[in-house]
1. If you take the residues in segment 228-257 that are away from ligand 2 (no atom under 15 Å from the Cβ) and not small (Gly, Ala, Ser), which one is surrounded by the fewest Cβ atoms within 10 Å (Cβ to Cβ)?
2. If you take the residues of segment 110-131 that are among the polar types (S, T, N, Q) and open to solvent by less than 70 Å² (accessible area, probe 1.4 Å), which of them is nearest to CYS147 (Cα to Cα)?
3. For the list (1) of a type in the set (S, T, N, Q); (2) open to solvent by 40 Å² or more (accessible area, probe 1.4 Å); (3) more than 22 Å from ASP153 (Cβ to Cβ); (4) away from ligand 2 (no atom under 14 Å from the Cβ), I need the number of the one condition that SER296 fails.
4. Take the residues of segment 217-232 that are out of contact with any Lys or Arg (no Cβ under 8 Å at 6 or more places or on another chain) and either modelled with pLDDT under 95 or not in a loop (DSSP other than H, G, I, E, B) (or both): which is nearest to ligand 1 (Cβ to nearest atom)?
5. Only one residue in LEU255, LEU241 is touching a Gly at 6+ places or on another chain (Cβ under 8 Å) and more than 24 Å from LYS125 (Cβ to Cβ). Which one?
6. Being in the same structural domain as GLY279 (by TED's automatic domain parsing), over 17 Å from LEU312 (Cα atoms) and part of a helix (DSSP H, G or I) narrows it down to one of ASP166, ASP187, so name that one.
7. Taking segment 260-272 on its own, how many of its residues are in contact with a strand residue (DSSP E or B) (Cβ under 7 Å, 6 or more places away or on another chain) and away from ligand 2 (no atom under 16 Å from the Cβ)?
8. Could you check, for segment 159-175, whether at least one of its residues is closer than 20 Å to ARG283 by Cα and surrounded by fewer than 16 Cβ atoms within 10 Å (Cβ to Cβ)?
Amino acid sequence: MSLQNKHHQPSEWSRRFSGRSYEEEYPPLGAITSLGRKMRIETSTPSSENYFDHEDGTKKLDFSEDSPYFEPFTPFDICFSRKNYFNVEGTGHSSVLRPGMVVLKRYINVRDQIQIVKTCQELGKGPGGFYQPGYKSGAKLRLQMMCLGLNWDPETREYEELRSFDGCEPPAIPGKFLRLVQRAIQDAHALIEKDLIANNVEEILPAMSPDICIVSFYNTRGRLGLHQDRDETNYSFQKGLPVISFSVGDSAEFLYSDERDSENAEKIVLESGDVLIFGSESRLVFHCVSRIIPNSAPVLLLERTCLRPGRLNLTFREY
Ligand SMILES: O=C(O)CCC(=O)C(=O)O
Ligand SMILES: [Fe+2]
């Protein structure tokens, strides 16, 4: 009995499982030559029609791409793929979603995401930090919120210097966040210029200097109903100054629509590191967070920050 047969007895199971004959599944041993992606096995034991004679009398298996023996050879990778490392594969590319609305996918690198979480954690534990806000109706929002720069009160829908319920002054927006916002606007302009072959990018998406950042933390059951961001000044609306949103942690399903109608809304998945910008024509777009996708945050981010399951969102606006 050959070594081949000693170790691999053909079985009904293996035939059924692979859909190939035993000889096809386990070609006889012989000299194995690696030819780039193709493997060729030389042997003197003919056993199927896929052998063909060579001038020197030996029989060779046909491992050309048309042959059933052909299998691309993939060497073992000692490192995780990015997919395993980050838990999920990216969804989509940076693009102009509609006039004035741009998504920059995986824009914030993991190092900066880690910094964002650590900074928000520190600020969030201090005066003016995270709390669960409510609406005028008494219903609570399904998230924890903190404001930087100015305070926005979901109950009165007003902006204020001090938080009315505890008198706390909102922490300042960190310079690092502001620099990231400016860079994102520039890169959104470059994308618009390229995608729409436009040179009036400032009209399509005006630049802005944020004076408020609303930081929200959604746990995996968190969500935010369909709404427009319309509590800023007329100046801000007339200029179409954009809202700029950073996503960090678990991914979120984000819906947006011209109508107050989530049934027919467009949907995108906002992943950790994504930046979404909506201004000018899209400034008053209806939008909501319909779902947080559990276990979708980058593993490295979780390892370095111990961020709770859920998602951190920062929206920057110019009041
Ligand atoms: O979490 C998000 O992506 C959206 C947040 C939002 O719409 C808001 O803060 O007004
Ligand atoms: Fe909003």
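The values are calculated or read from the model by the stated rules, or taken from the named source; none is laboratory data. Keep in mind that this is a model prediction, so the values were computed, not measured. Heads up, the Cβs are rebuilt from the backbone with ideal geometry, glycines too, and the neighbour counts pull from every protein chain shown. The area values use the complete protein model at the heavy-atom level, side chains included, leaving out ligands, DNA and RNA. Shrake-Rupley method; radii C 1.70, N 1.55, O 1.52, S 1.80 Å.
1. ASN234
2. This residue is THR119.
3. SER296 satisfies all of (1) of a type in the set (S, T, N, Q); (2) open to solvent by 40 Å² or more (accessible area, probe 1.4 Å); (3) more than 22 Å from ASP153 (Cβ to Cβ); (4) away from ligand 2 (no atom under 14 Å from the Cβ) except (2).
4. Checking each candidate, the answer is HIS227.
5. LEU241
6. Checking each option against the conditions leaves just ASP187.
7. Selection size over segment 260-272: 4.
8. The answer is no; no qualifying residue exists.
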